[in-house]
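Everything on this sheet refers to the single structure shown next.
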Amino acid sequence: QVQLVESGGGLVQPGGSLRLSCTASGSIFSINGMGWYRQAPGKQRDLVARITRDGITVYVDSVKGRFTISSNIAQNTVYLQMNSLKPEDTAVYYCNSAPRAVFRWGQGTEVTVSS
């Protein structure tokens, strides 16, 4: 069973940047791709960015142009570079397979954007 560990979250001011990392205990690219999801307080968990095995990236409109997803297949790691952060980006961020999450969810990493 693949285990996912997210890291890199924290408190940042509006306009700031963070880089999230997700490391998997097993091979994650036996599936179609990976993605970053987020869950804001009181809201459902949503997919915000994904990357396919071929390196094709897809973003939701709210993060397009600000977030960049990348991966290191050899290290079973997925990254999310987040720039120009806004208060509405505040959430717990998780990684999982995408577009459908099939692995057990990790603990996530909390991102708080506030002045």
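The values are calculated or read from the model by the stated rules, or taken from the named source; none is laboratory data. Keep in mind that what you see is a predicted model, and the values were worked out from it rather than measured. Note: ideal-geometry Cβ built from the backbone for every residue, glycine included; neighbour counts use all protein chains shown. We work out accessible area using only protein heavy atoms, side chains counted, and drop any ligands, DNA or RNA first. Shrake-Rupley method; radii C 1.70, N 1.55, O 1.52, S 1.80 Å.
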Label Ile31 and Asn83 with points 7 Å out from Cα along Cα→Cβ: what is the distance between them in nm? 2.9
Reported to the nearest 10 Å², Lys43 has, with a 1.4 Å probe, an accessible area equal to 140
Specify the residue with the greatest mean-square fluctuation among Ile51, Ile69, Ile31, computed from a Gaussian network of the chain linking alpha-carbon atoms under 10 Å apart. Ile31
With 0.36 nm assigned to each residue of separation and the Cα-Cα distance removed, Asp54 to Leu11 gains 12.2 nm
Ranked by accessible surface with a 1.4 Å probe, highest first, in what order do Phe103, Phe67 come? Phe103, Phe67
